[in-house]
Amino acid sequence: MIANSNGNGHTNGNGRFVVEDNENLSFSVNRKVFVSDDVLEAEHRAIFDTCWIYVGHASELKQPNDFRTRNVAGRPMIFCRDRQGNVRALINSCRHRGALVCREREGNARQFYCIYHGWSYNTDGTLKGIPGDEAYPPGFDKQAKGLVPVPRLEHYKDFYFASFDKNAPDLATYLAGAKDYIDLVVDQSPSGRMEIISGVQEYDIKANWKLLVENSVDDYHLVTTHSTWLNYMRNSGVNITPAKGHMLPTKGFGKDLGNGHLTTDNPNYRGRPVAKWISVYGEEAKADIDAIRKELVERLGEARAARVADTNRNLCIFPNLVINDGSSVTVRNFFPVAPGHMKVIAWAMGPVEETEAQRARRLHAFLTFYGPGGFATPDDVAALELAQQGFAAWREVPWSDLSRGMGSSQEQLATDEGHLRVFWRKWSELVEARQ
């Protein structure tokens, strides 16, 4: 439930953080949600303990016994493929005294071994061995002492998610309309097989995690925050500077996909590798790009091929996964460390069939725009950290305004904030309704 406002910025004493006033066409978020330890703890319990949280992609585990270690919803986890080839997500904590049993970042292992007392585990999580196990009492059940799996692990098109709520709806139901946009990503591969490209970006942002959700689908900031990139595109022969005003000359929209998921849906203005944007990639790539487009049309038909090749989208799967599908495909996951600190991890993704030249163009686009040293990411990090610094005055300036586009009789533009409000309504439903 979202509180109603009396129109002057107060919450009628009900203490709610998200205030939607449809009569006066205003939508406000109290800035305390970006700085409060109590709010962050409530988010852990109401969101990260109940929703489906992204774990990884099947392509990261190509062989039996491959593993990746990562943090998922605040838990240390082993994302692995056991010796039979089954994908698993195991809590990375020894059943004896709690130490991590897998300390490497990634690799291939026939067992996981705890350096504290030597307990060892198979890659399916079963307990393999205990030094001096004869000292344990007769009723000690070794079979019950395996690594703990996540309560729920499911995937959609090889994107794996975990839920710590045994009663959560199935993943396909949870994803709702987001599945259609994942399909647009997967359709880029002739075989329907996308893969995470080797290498990863990791960085910290001194800002609240929810700001990156907002920023990832906020086209309103593009012209001011990313003016350097716009100049780069213009110098490459692609002029997307607005003719007048502050908006991009596109007809992109923000979409509500259900269950708190949202996306932008735009005509191409980032330079996806099709012939229309050949100046970005060079004339030597034209024949190759034409062949990619021809394959899409032959396989998917004109309409679907145009949908895949001529539009781009920033898909946010609630709460903390963003798939940027533009000039490259970026899978970006982030999680809170503290109210004003998040960790970000991002991967490039592409079709398994790509040639070396095609992969090089993809990675160039990935690094040029989304890389930590690219045109977009440093600008975004700076903007979010400045916002977080401004929130130090949340008592004196308590509300952020997200009313852009309210009252419009037209579909919400990507430069409006209707899709940002989708996130905040779901956040309020989970966090505030339980308090």
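The values are calculated or read from the model by the stated rules, or taken from the named source; none is laboratory data. Worth saying up front: this structure is predicted, and the values here are computed from it rather than measured. Don't worry about glycine lacking a Cβ; one is built from the backbone with ideal geometry, like all the others, and counts go over all protein chains shown.
Out of (1) in contact (Cβ under 8 Å) with a residue 24 or more places away in the chain; (2) assigned to a helix (DSSP H, G or I); (3) buried (at least 16 other Cβ atoms within 10 Å of the Cβ), the odd one out for ARG299 is which?
Of (1) in contact (Cβ under 8 Å) with a residue 24 or more places away in the chain; (2) assigned to a helix (DSSP H, G or I); (3) buried (at least 16 other Cβ atoms within 10 Å of the Cβ), only one is false for ARG299: (3).
For region 217-237, which residues satisfy the criterion of being farther than 30 Å from VAL35 by Cα, part of a helix (DSSP H, G or I) and either in contact with a Leu (Cβ under 9 Å, 6 or more places away or on another chain) or not aromatic (Phe, Trp, Tyr) (or both)?
In the first step, residues of region 217-237 are kept if they are farther than 30 Å from VAL35 by Cα; the result is 228-237.
Restricting the remaining residues to those that are part of a helix (DSSP H, G or I) gives 228-235.
Matches in region 217-237: THR228, TRP229, LEU230, ASN231, MET233, ARG234, ASN235.
Residues in region 195-216 that are β-branched (Val, Ile, Thr), in contact with a helix residue (DSSP H, G or I) (Cβ under 8 Å, 6 or more places away or on another chain) and either more than 16 Å from HIS261 (Cα to Cα) or not in a helix (DSSP H, G or I) (or both): how many? Explain how you work it out, then say what you get.
First pass over region 195-216, keeping only residues β-branched (Val, Ile, Thr): 196-197, 200, 205, 213.
Next, only the ones that are in contact with a helix residue (DSSP H, G or I) (Cβ under 8 Å, 6 or more places away or on another chain) stay: 196-197, 205, 213.
Next, only the ones that are either more than 16 Å from HIS261 (Cα to Cα) or not in a helix (DSSP H, G or I) (or both) stay: 196-197, 205.
Of the residues in region 195-216, 3 are β-branched (Val, Ile, Thr), in contact with a helix residue (DSSP H, G or I) (Cβ under 8 Å, 6 or more places away or on another chain) and either more than 16 Å from HIS261 (Cα to Cα) or not in a helix (DSSP H, G or I) (or both).
Look through region 111-137, keep the residues that are closer than 30 Å to GLN201 by Cβ and of a type outside the set (S, T, N, Q), and return whichever of them is farthest from the chain's Cα centre (by Cα). Before you say what the answer is, go through the steps one by one.
Start the filter on region 111-137 by keeping residues that are closer than 30 Å to GLN201 by Cβ, which leaves 112-113, 115, 123, 125.
Restricting the remaining residues to those that are of a type outside the set (S, T, N, Q) gives 112-113, 115, 125.
Working: PHE112: 29, TYR113: 31, ILE115: 34, GLY125: 27 Å.
The selected residue is ILE115.
Which of the numbered conditions does ASP165 fail, given that it passes all the others? Conditions: (1) within 21 Å of ASN333 (Cβ to Cβ); (2) surrounded by 14 or more Cβ atoms within 10 Å (Cβ to Cβ).
(2)
Of the residues ALA392, ALA365, which is within 19 Å of the chain's Cα centre (by Cα) and among the small types (Gly, Ala, Ser)? It would help to see each step written out before you state the result.
Working: ALA392 fails: within 19 Å of the chain's Cα centre (by Cα).
It is ALA365.
Condition first: touching a Ser or Thr at 6+ places or on another chain (Cβ under 7 Å), modelled with pLDDT under 90 and outside any loop (DSSP other than H, G, I, E, B). Now tell me which residues in region 348-402 satisfy that.
ARG362, ALA365, PHE366, PHE369, TYR370
To keep it simple, each residue is scored yes or no on (1) of a type in the set (Val, Ile, Thr); (2) more than 18 Å from TRP209 (Cβ to Cβ); (3) surrounded by fewer than 20 Cβ atoms within 10 Å (Cβ to Cβ).
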position: GLU353; (1), (2), (3): no, yes, yes
position: VAL381; (1), (2), (3): yes, no, yes
position: ARG395; (1), (2), (3): no, yes, yes
position: SER408; (1), (2), (3): no, yes, yes
position: GLN412; (1), (2), (3): no, yes, no
position: ASP416; (1), (2), (3): no, yes, no
position: VAL422; (1), (2), (3): yes, no, no
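Pull up region 210-247, narrow it to residues that are among the β-branched types (Val, Ile, Thr) and exposed (fewer than 14 other Cβ atoms within 10 Å of the Cβ), then point me to the one that is modelled with the lowest pLDDT.
Keep residues of region 210-247 that are among the β-branched types (Val, Ile, Thr), which gives 213, 217, 223-225, 228, 238, 240-241.
Next cut, exposed (fewer than 14 other Cβ atoms within 10 Å of the Cβ) only: 224, 228, 241.
On the way: THR224: 83, THR228: 75, THR241: 52.
The qualifying residue modelled with the lowest pLDDT is THR241.
Of these, PHE335, PHE423, which one is under 27 Å from GLU41 (Cα atoms) and in a helix (DSSP H, G or I)? So that I can check it myself, show each step before the final result.
Values: PHE335 fails: in a helix (DSSP H, G or I).
Among PHE335, PHE423, only PHE423 is under 27 Å from GLU41 (Cα atoms) and in a helix (DSSP H, G or I).
Take the residues of region 70-85 that are within 15 Å of LEU147 (Cβ to Cβ) and in a loop (DSSP other than H, G, I, E, B): which is nearest to the chain's Cα centre (by Cα)?
ASP82
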